[in-house]
Amino acid sequence: MAESRGEEKKKEMFGEQASEDLEREWRGDFCFVQAADTQLGFMSDPTWGAEGDGESWKEEIELAERLVRCCNALRPRPRFVAVCGDLVHALPEGVLGDSPAVRRYANTSRYSRQNADFKRVMAGLEMPLVCVCGNHDVGDRPTPGSLAAYRELYGPDWRAFWCGGMRSLVLNAQLLSDPSGAPDEAQAQEEWLAAELEAVERDQPKHVVVFQHIPWFLREEQEPREGYFNLPQEARVKWLPRMERARVKTIFCGHYHRNLCSRTRSGALEMVVTSAIGRQMSESEVAKNGPDPQQGGVPGSSSDIRSGFRLVSVHESGLFHEYHEFDALETDLGLSTPGPEADGSAEKPQKRSRVENLVDK
Ligand SMILES: [Fe+2]
């Protein structure tokens, strides 16, 4: 079972820092980066208002490269980078059955090339990468075939790891959203999750966080299911109280292509939804889950948010986080103008005051 879920790939993507022996103990403040929805191919999808044919993802490659450059330049250095799902836009053909979404997005050639480009760009990170699966990676209704394809590329789709005394749980939210295509896999993940939550409730690590693609809820714990942007209420009722008992502090998500932060009714557990590295969505787009005619042929341009990622500072007293758009962050880091450093002829930027202050607060 472990081998089929890609243990070898796990080592490759996590690097040495995933070692439980090295990372179980709290050793002081650190930071990490949380991003989402690189989604190579979304910006040229004509079904989402683009004028292209879906065969170019140059813009998203450039945005992913900006993520890599910023992460490598940050000081203190982030301990890891988590990308919370929708790594690419295309789905694999022949393993997901038939549905409107599968007919719309399944294209094995694009799926292979987009994933190859994602992995090539992310290989430039100078710290471990934590990949999380989204609906564009394993399908709205995952199957054993789509899960096997993902695991072959990225390793396990649910797992836990330690970093500096913080326990992180990575979930496959698609199996919580619709388990019907892979009920045995969904059951296995739930048994694993129950055991993990019992363990952290017993052992009380300094911090416990969760990474997943679909948020459990957007604004209120008891809100109705909103299209496909939050998880079913029965899943929330089952798991959120257990997470609160286990002292999970923060759940980091993507999927919404917008930023949103909210809390459970008790206030104990924070839901943090982070906007996309790739294509942004406006409020009207998420409301109808379709393209906005206001964007004038430039996908994502009607959104009030620009591409970026969330920088999370982990202190003994708690976690602090802030979304940074690339444009402003690159200015702070001295990366605004591609030039000397792009060809390696200049030293990498050293500490910059604003970012330094952010991660040290
Ligand atoms: Fe997405």
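Observations
- Residue within region 186-203 that is in contact with a helix residue (DSSP H, G or I) (Cβ under 7 Å, 6 or more places away or on another chain) and within 20 Å of Gly267 (Cβ to Cβ) present: yes
- Scan of region 256-292 for residues that are aliphatic (A, V, I, L, M) and touching a Ser or Thr at 6+ places or on another chain (Cβ under 7 Å), ordered by number: Met271, Val272, Ala276, Ile277, Met281
- Applying a threshold of 8 Å to beta carbon distances and a minimum spacing of six or more residues, or different chains, the list of pairs starting in region 50-71 at a residue that is among the acidic types (Asp, Glu) and ending at one that is surrounded by fewer than 16 Cβ atoms within 10 Å (Cβ to Cβ) reads Glu51/Gly297; Asp53/Pro46; Glu65/Gly124.
One line per residue, one yes/no per condition, for (1) of a type in the set (Phe, Trp, Tyr); (2) crowded, with 17+ Cβ neighbours inside 10 Å; (3) within 28 Å of Pro156 (Cα to Cα):
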residue	(1), (2), (3)
Ser56	no, no, no
Leu67	no, yes, yes
Ala73	no, yes, no
Pro76	no, no, no
Leu87	no, yes, yes
Pro92	no, yes, yes
Leu96	no, yes, yes
Arg104	no, no, yes
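- Considered as a group, the residues in region 274-293 that are outside any loop (DSSP other than H, G, I, E, B) and touching a residue at least 12 places away in the same chain (Cβ under 8 Å) include one that is surrounded by the most Cβ atoms within 10 Å (Cβ to Cβ), and that residue is Glu285.
The numbers here are math on the coordinates, done by the rules we state, and not lab data. Please read these numbers as outputs of a predicted model, since none were measured by experiment. FYI the Cβ positions are ideal-geometry reconstructions off the backbone, even for glycines, and counts take in every protein chain you see.
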